[in-house]
Every structure is written in C-alpha cells, then in structure tokens.
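Input: a single structure, listed below in structure tokens.
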Amino acid sequence: MKNDERYSFYQTFVEYGGVKQKWVLLLSHKMKEKKEVTLRTKIDKEIEKAEKSLKKLKGKDFFCEEDALKAAEE
C-alpha cells in the first residue's frame, strides 16, 4: 500500500471458514477526528443535562433517602 499520511492500516492473515484470507483495516485520520469531535459534543450535552437535573434535585427537600433516590432515577 502506498504511504499516505492521511491513513493508517493494519493487515493480518487469517483462515476463516477453511479459506485463507488477508484482512485489512483502514483508518482515516480525518474521519477519526470528526468522530471524536462528534462524540465530545454528545458527551458535553449529556454532562450539561445531568448538571441541570442535579441542580433541580439540590433545590428540593426529601422526606427520606428512598424518596431522594426515586427522584434521582426519574
């Protein structure tokens, strides 16, 4: 495979179903970066959502621990 800094790859030889095969895994570094940005955005949104829920719970009084746990699950 031609050397291209935009990609990296891994190859291995396996036998599957009685047939010898060459398997190649190709990684696009730009696509990996895009997916990491997307994942970070999703994580940040979930953190923000959890912080808002926690803020709401902090403002409430509960009769007992069980009530507090139920409210947290909701």
Filter region 24-70 down to the residues that are of a type in the set (A, V, I, L, M, F, W, C) and closer than 30 Å to Arg6 by Cβ and list them by number. Val24, Leu25, Leu26, Leu27, Met31, Val37, Leu39, Ile43
From the list Phe62, Phe9, exactly one residue is in contact with a helix residue (DSSP H, G or I) (Cβ under 8 Å, 6 or more places away or on another chain) and aromatic (Phe, Trp, Tyr). Which is it? Phe62
Cβ-Cβ below 7 Å, separation at least six or inter-chain, first residue in region 1-27 and free of Cβ contacts under 8 Å to residues at least 24 places away in the same chain, second exposed (fewer than 10 other Cβ atoms within 10 Å of the Cβ) and of a type in the set (Lys, Arg): which pairs? Gln11/Lys22; Phe13/Lys20; Phe13/Lys22
Starting from residues that are acidic (Asp, Glu) and either in contact with a strand residue (DSSP E or B) (Cβ under 7 Å, 6 or more places away or on another chain) or not in a helix (DSSP H, G or I) (or both), keep the ones in region 53-74 and report whichever is modelled with the highest pLDDT. Asp61
Right, Ala50: surrounded by 10 or more Cβ atoms within 10 Å (Cβ to Cβ) and free of Cβ contacts under 8 Å to residues at least 12 places away in the same chain or not? yes
Which of the residues spanning region 57-74 are of a type outside the set (Asp, Glu) and surrounded by 10 or more Cβ atoms within 10 Å (Cβ to Cβ)? Leu57, Phe62, Ala68, Leu69, Lys70, Ala71, Ala72
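The values are calculated or read from the model by the stated rules, or taken from the named source; none is laboratory data. Since the structure is predicted, the reported quantities are computational estimates derived from the model, not experimental observations. Backbone-built Cβ (ideal geometry, glycine too); neighbour counts: all protein chains shown.
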